[in-house]
Amino acid sequence: MVTLPELGYAYDALAPHISADIMQLHHQKHHQTYVDKFNAAVAQHPELADESVESLLARLDSLPEDIRTAVRNHGGGHYNHSLFWKTLSPHGGGAPSGVLAQALTTKYGSFEAFIEQFNAKALGLFGSGWVWLTPDLEIVTSPNQDSPLMNTGVEPLMGLDVWEHAYYLDYKNKRDDYIAAWWHVVDWGFVASRYNTV
């Protein structure tokens with residue numbers, strides 16, 4: 001069983017970059033639906049009740065076939081969004097510092113070059129999905145509610161939700177404007193803390 005996580009900030013705290021209306025809809029409706037449907041699926045197999053969502057997602061192929069798709073979609077939605085909320089902060093934006101900053105500069109040449117490549121991946125992802133920064137600082141995409149955790153068993157450092165429900169109320173079809181705004185609320189301290197524990 002999983003529960004809808006509390007946010008560490010008010011729904012309106014990320015405005016004007018992400019509105020209170022988007023945050024409330026995204027958290028209370030979309031994420032809550034993932035929680036409810038994941039719990040309903042796992043309840044059909046009591047032997048899985050004590051396993052974490054991370055564990056189940058990392059071994060999808062071995063799960064009972066009748067719930068595999070529900071765990072992938074709804075467990076994935078819960079995991080992805082739980083991480084997403086933590087990477088946002090009303091005091092976010094700017095650039096990382098310390099070890100993460102040095103590592104990104106080493107890999108991409110500059111922080112600005114990293115941003116350009118991340119944005120290009122986000123704009124190039126067809127349909128709904130996510131853009132991830134992995135612990136080895138690769139930028140990868142996944143469709144729907146998939147994540148690197150499902151393929152490699154490794155948790156990403158951060159992810160950007162590019163499903164339309166994440167931005168349509170604010171930005172309509174202008175995904176590029178949403179992506180640009182999102183960088184203003186990225187909590188680099190949280191992302192760096194994940195990188196430092198890899």
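What does the net charge come to around residue 24 if you take all other residues with beta carbon closer than 13 Å to its beta carbon, with K and R at +1 and D and E at -1?
Details: positive: 29; negative: 12, 21, 170.
Spelling it out: positives minus negatives among the neighbours equals -2.
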Next item on the list: Determine by what factor the alpha-carbon radius of gyration of region 20-86 differs from 2.2 N^0.38 Å, reporting the quotient.
Entry: 1.13
Check: Within straight cross-link reach of residue 37, meaning Cα distance under 20 Å, which lysines are found once same-chain residues fewer than 8 apart are removed?
Finding: 29
Next item on the list: Give the angle, between 0 and 90 degrees and rounded to the nearest 10, that separates the Cα long axis of helix 111-124 from the longest principal axis of the Cα atoms of the chain.
Entry: 50 degrees
Check: How far, in degrees from 0 to 90, does helix 98-108 lean away from the longest principal axis of the Cα atoms of the chain, to the nearest 10?
Finding: 80 degrees
Check: Mind checking the angle between helix 76-86 and the chain's longest principal axis? C-alpha axes, 0 to 90 degrees, to the nearest 10.
Finding: 40 degrees
Note to self: With +1 on the Cβ of every Lys and Arg and -1 on the Cβ of every Asp and Glu, and nothing else charged, how large is the dipole of region 20-162 about its Cα centre, in debye rounded to the nearest 20?
What the structure shows: 280 debye
Next item on the list: Choose one answer from 71, 154, 35: the residue with the largest mean-square fluctuation in a GNM of the chain with alpha-carbon springs under 10 Å.
Entry: 154
Note to self: Using C-alpha positions alone, give me the convex hull volume of the chain per residue in cubic angstrom.
What the structure shows: 112 Å³
Margin query: Which lysines, if any, have their Cα less than 17 Å from the Cα of residue 107, not counting same-chain residues under 8 positions apart?
Written below: 121
Next item on the list: Give me the compactness ratio for region 98-195, meaning the Cα radius of gyration over 2.2 N^0.38 Å.
Entry: 1.06
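A short reminder: the numbers here are calculations on the coordinates, not readings from a lab. On a predicted model such as this, the values are computed, not experimentally measured, just so you know. Heads up, the Cβs are rebuilt from the backbone with ideal geometry, glycines too, and the neighbour counts pull from every protein chain shown.
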